[in-house]
1. Relative to the longest principal axis of the C-alpha atoms of chain B, give the angle of the C-alpha long axis of helix B:54-87, reported between 0 and 90° and rounded to the nearest 10°.
2. Taking only the Cα atoms of region B:1-157, how large is their convex hull per residue, in Å³?
3. Please average, across the residues of A:108-118, the number of beta carbons from any other chain that are within 10 Å of each residue's own beta carbon, and give a whole number.
4. Could you bin all the Cα-Cα distances of chain A into 20 Å bins starting at 0 and give me the percent of pairs in each, rounded to whole numbers?
5. Please compute the average number of Cβ atoms from other chains found within 10 Å of each residue's Cβ in peptide B:179-187.
6. Averaging over all projection directions, find the projected area of the Cα convex hull of region B:221-264 and quote it in nm² with one decimal place.
7. Would you please give the FRET efficiency between residue B:207 and residue B:122, computed as 1/(1 + (r/R0)^6) with r the Cβ-Cβ distance and R0 = 45 Å, to the nearest 0.05?
8. Which whole number gives the average count of other chain Cβ atoms within 10 Å of the Cβ atoms across peptide A:68-78?
């Protein structure tokens, strides 16, 4: 081997060893990184969207997207990092996602037409802070006065807040906009007549599932529909348990005893009970319902992701 | 007279084509590879990050990348267009022929504009293909209006780079052109800010800046394009005329400075 070849070989060995050392050092530094105290992790946003406007070389839309993606990641990290394994989608306050609104606010300040941010905020923020959800959606309406969907979302927020008159007003205004579906008219009427009913809720979430382009909203609506189905199931199961108790003079020991009675039960929307291989009645997430022996009432199984009944 | 104008046009076009060939030889268009990789990565990865709304983010990233890549080319190639010829002494060979200095400046400018046009069009096609991939085809129509505005902005920036390079070093020219790019985007906001300060001097100063420096905010239509909006004909027409007028002023000043320049 001549001198030049030897130099190449030595250089090659040095490069390989160098990269191995870099790989090891990188992992070492990652392991030994001092992590921020929990209180620092939610540091207030330094920059405000409205102040950035006009000073970012026309890249407002790109930065708006970044803030919006941050809001998704932020909520996701809060859920993943939650010590409490089961959480209620209807009340996210225990997660303390206090930066969600500032992220969405910045995002919509920089791009007032970013509909995905308004939709995401309108469906998630009510579980954290209803007034912020209303603020964001009303800002969306001010910036996009022709969007009937924002009125639908505003109606949804008021409906969740049990303010059926304001919900009806939102649907009344939204239904007059060009392109508004007939569903808006139906919702305006049903808010006034049966605002708190389960049927109204079902129509609301079905509409979100079918027409909303946002994947997060669809997931939320799908979960809510499962929750409503479970409530219908529980009503029917409790009625059957009562009949069984009246006939037998005791509470049913398990679902298999109740199956003959359940075969005659009609669930809303033409659904049938879901029965697993061990003859247990399961909820829409596939987890068996349980029977509370002391009260002889059906309830959501402890392993289910649905909120307890 | 007509013979002279035909000959001048031929000279300008020859210099422009040579400038384009030189840019290709200098691998300026290699930035397209980085751009394509960026867009492919966005198309594949953004689905999860944006919760299914990746099309508008691809438009935002794509259009901003077109501007940034184009601005870097306009600044760094623009400032070296003339200085490289002087440094290599090829300028003597050129001026030994019947070539006017103004023709040389204009030819160099048009050559770089052609390079930028190819660059911008290829990048635009890349963004369009990425949109087709993520099923965001409805946005393809809206991005091309914004891409045209970006190209016009880059032609102004190229003229700025040539102007600065006609009287200062390449490094200083690049810095001054970059500052012009930044302030050009902010001039309207700075003027509004000054109006709120209440200082007469600030109002006057930023008013001068607003009209003296190129108002590049006229060419920012990227956020709107991501929302499916298309620039109107009066907007496009005004932007084209503004770019032609402003670039002509800068090139005229550059040619005047260049005419008085001693290469020895």
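1. 10
2. 110
3. Details: counts 0, 0, 1, 6, 2, 7, 5, 3, 6, 1, 0.
Partner-chain Cβ atoms within 10 Å, mean over residues of A:108-118: 3.
4. 25, 42, 23, 8, 2, 0
5. Working: counts 0, 0, 1, 2, 0, 1, 6, 5, 1.
That average works out to 2.
6. Numbers: hull surface 18.1 nm².
In nm², the orientation-averaged hull projection of region B:221-264 is 4.5.
7. Computed FRET efficiency for residue B:207 and residue B:122 comes out at 0.70.
8. Numbers: counts 6, 7, 1, 1, 5, 1, 0, 0, 1, 0, 0.
The shielding value for this peptide is 2.
Values quoted throughout were computed directly from the atomic coordinates according to the rules given, and no laboratory measurement underlies them. Keep in mind that what you see is a predicted model, and the values were worked out from it rather than measured. In this analysis, Cβ positions are derived from the backbone assuming ideal geometry, glycine residues included, and neighbour counts consider all displayed protein chains.
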